[in-house]
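Heads up: the structure comes next, in structure tokens.
The values are calculated or read from the model by the stated rules, or taken from the named source; none is laboratory data. These figures come from a predicted structure and were not determined experimentally. Here the Cβ positions follow ideal geometry from the backbone for every residue, glycine too, while neighbour counts run over all protein chains shown. Protein only, heavy atoms only, side chains kept; ligands, DNA and RNA dropped before computing areas. Shrake-Rupley method; radii C 1.70, N 1.55, O 1.52, S 1.80 Å.
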Amino acid sequence: MEKLNQEEQSTSYFSPGLRFKILILFIVVLVIPLGILMIVSTNRAEEAAQNDFTRRLIYSGGLFKTTLEDKIEWLRIRAKTIADFDFYTLAKEGFVASDIEKLMQSELVKSDLEFVGLVQNGSNLMQAEGNLPPTQSKLLPSLCFGPLSANLYVLENDIWIFASAEITKFREGGKFHILLASKLPKDFADSFKRLTEAEFSVIYSGKRILTTLMNNVNHRMTGTTLQNPESTSGTFEINGKRFNYVREEAITCKISEPIFFEIALPASEIQLLGKQIAADFTVFGIFGIVLAIITGFILSMHIGKPLNELAATTTQIAAGKYDVQLKSERTDEIGLLCRNFDSMVNSIESERKLKEGKMRELSTLFEISNAVNFLTDSVELLKFVLTKAIDIFHAERGSIMLLDDVTDELVIKVAFGGRYRLASSTPIKLGNGICGLVAKEGTGRICNQGFKDSEFKNFGSLIPVEDIKSLLVCPLKFKEGTIGVINIVNKHDGSGFNEADLSLLNLISSQAAITIENNKLYELSITDGLTRLYVHRYFMAKISEELLRARRYGLKLSLIMIDIDNFKQFNDIYGHQTGDQVLQTVSLAIRDTIRTGIDVPCRYGGEEMAVILPETRSEEAYKTAERIRETIASLSITHPTSTIKVTCSLGIASYPLDANDRDSLITAADKAMYFSKRSGKNCSTIASEMDKA
């Protein structure tokens, strides 16, 4: 700042060279260069203003129309998808009202629609979910006239998008169409306004039925009548602000009513500057045209050229290119202007990068907090949190360590990135090494010396530590306690971590700790405490979900019911603690045998277990059941009085071979299981083969 003030003082009076030039120019040829500059600058200002308006208009209009076209096309594709796939099974077996109702209600919520209907012969609305204005009935013939259509209509001053698709798999009883409807919200164009600074309106019957314009009390000007509805362009004024508008007919060949788009842009700084320059130079041009020819060349060399460079630079900056600089060696006012301009551009670029970084940080925090909604597996959740943290710091790798509730030691739960895989999971005691100190003290640390730091410890890991150049560690704190630590290793650019990185990781770790604890609570709510299998409530919900998916996409689904043979004798002879040990051992064997992340092991009740096998035929389910049975039969449980052998009986049922709904599928598998018990126990039975036995 002090250097800038010194430059301003040194140029408060003209330097001798520039002062002499200006004196000579104004004495000898006062007005000629000004006249030439007037003509050139006025034309450029007007051209820049017009180009600026055209560019903004094309961008704003294209953004609005493309988004609306995409919404119409999405609804058309969605209608086609539902007709060809979701209604396929229903169409083959005949339409059942209850099945149609469930499917339509699900689609209404999933696709965020206002209306889903089933239309027969183009005009008979057989079944519907959602609400439409009463006037919609007259539109049915025009909506359901062909195999696939999408349209835009205005109903009771609201804009609706309709899409219909013929259900081609079912021909009996006439033609059937699936009809979808979505109403555009009144604030549909608000996001485009914030992005482009333009005002958007949809005009119907001479009125604005959708608009971003606000009156002087900040109310949306929906329903206002146009003063000149036939005009395709012009200007209007609202709240003392003048707008240039353009109107054109909406999407061609997709509507039957005359609907128009209106895009209004306020006067930009370039337009205002152009008008001001034109007005000022017109006055000077009357007096300076005679002398302009003599001094034009001199002014263009000493003043015009740097101004042109400045204009070219501002154009590049306006286009988003911030790495340009003027680099003037002049010591006069123009040189100072160039240096000040470069400083301003650098400040703008720094501010832009800072805001982009903040947006990335907020986006990462939001994604982490929202991860618990779609990631129920704790390991996958930890991987998601870790990869997000590594990405935002542009780091090579990282790991998350959680505190063991029993040993009170840190254990690596997930690691990601780098050339090496996790080769050691040696527990770390609190206070040992950098990670142990962070967990004990509850405060993050920056270790830019890496493995050379005096407090760094290897703990006998097989992974080479010599490539750890810098390390950032923060605690995962929940409420008043620490549940673990998160480690970020080495930035890709080789730079070290700083306090800003530590503050950001603290934010991420705080949000991650809350997300991890919430996930733990969810796992506890759906998991049996003794067997670590899913509880009966989760089993009933999951099998219903998998049946719905299998029915919708034509997939297979199998269920294995498992009952421990002679379990009551274990309790009576050896005691309930031994019975609990048997349950835990059998549950562990089941979890280790099935497909992790695909099959769903559950405790059905007492000593009875169940396994849901998605996309699995009965023959494949039988092989899985036999593996489970053989694994359990090979187990031995040590008791002070004897060695206990455990066997089990298994029953297998499949959809749609053995049952068509949840209860009948469970009943079929249960009957097959009891058939195994009657057949001597320690065997597996498929429900469809009981009659053959």
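Cross-linked pairs Lys71/Lys542; Lys80/Lys520; Lys556/Lys677; Lys80/Lys671: Cα-Cα separations exceed 31 Å for Lys71/Lys542; Lys80/Lys520; Lys80/Lys671.
Label zone of Phe85 (point 7 Å out along Cα→Cβ, amide N under 12 Å): in segment 531-557 this covers 552-554. Placing a pseudo-label 7 Å from each Cα along the Cα-to-Cβ vector at Leu155 and Thr66 gives an inter-label distance of 3.1 nm.
Extension gain for Glu47 to Lys102 (0.36 nm times residue separation, less C-alpha to C-alpha distance): 13.8 nm.
Where nothing but the Cβ of Lys and Arg (+1) and of Asp and Glu (-1) is charged, how large is the charge dipole of segment 470-517 around its Cα centre, in debye to the nearest 20? Walk me through the numbers on the way to the answer.
Working: 3 positive and 5 negative charges, 18 e Å.
Result for segment 470-517 is approximately 80 debye, rounded to the nearest 20.
Residues whose amide H falls under 5 Å from that of Ile468, counting only those 5 or more places apart or on a different chain, are Phe451, with hydrogens built in the peptide plane. Here the spin labels are modelled as points 7 Å beyond Cα on the Cα-Cβ line, and at Leu555 and Met126 they lie 2.7 nm apart. Taking every Cα-Cα distance in segment 165-238 and sorting them into 10 Å bins starting at zero, the pair-distance distribution P(r) comes out as 15, 36, 19, 12, 14, 4 percent. To the nearest 10, the accessible area of Tyr674 is 100 Å² with a 1.4 Å probe. Under a plain spin-label model, where a point goes 7 Å from the Cα along Cα-to-Cβ, how far apart in nm are Asn346 and Asn506? With each label point 7 Å from Cα toward Cβ, the separation is 3.0 nm. For segment 587-667, the direction-averaged projected area of the alpha-carbon convex hull comes to 6.0 nm².
May I ask you to compute the full-extension gain from Arg591 to Lys440, defined as 0.36 nm times their residue separation minus their alpha-carbon distance, rounded to one decimal in nm?
Numbers: separation 151, 0.36 × 151 = 54.36 nm, distance 3.50 nm.
Difference between extended and current length: 50.9 nm.
Near Ser233: Cβ cut-off under 13 Å, other residues only, Lys/Arg at +1 and Asp/Glu at -1. The net charge is -2.
For Lys645, a cut-off of 14 angstrom between C-alpha atoms picks up these aspartates and glutamates, skipping any fewer than 8 places away in its own chain: Asp565, Glu630. Once the chain from Glu237 to Val379 is taken as fully extended at 0.36 nm per residue, the excess over their C-alpha distance is 45.2 nm. Entry note: segment 500-595 has Rg to Rh equal to 1.16, where both radii use alpha-carbon atoms and Rh is the Kirkwood radius.
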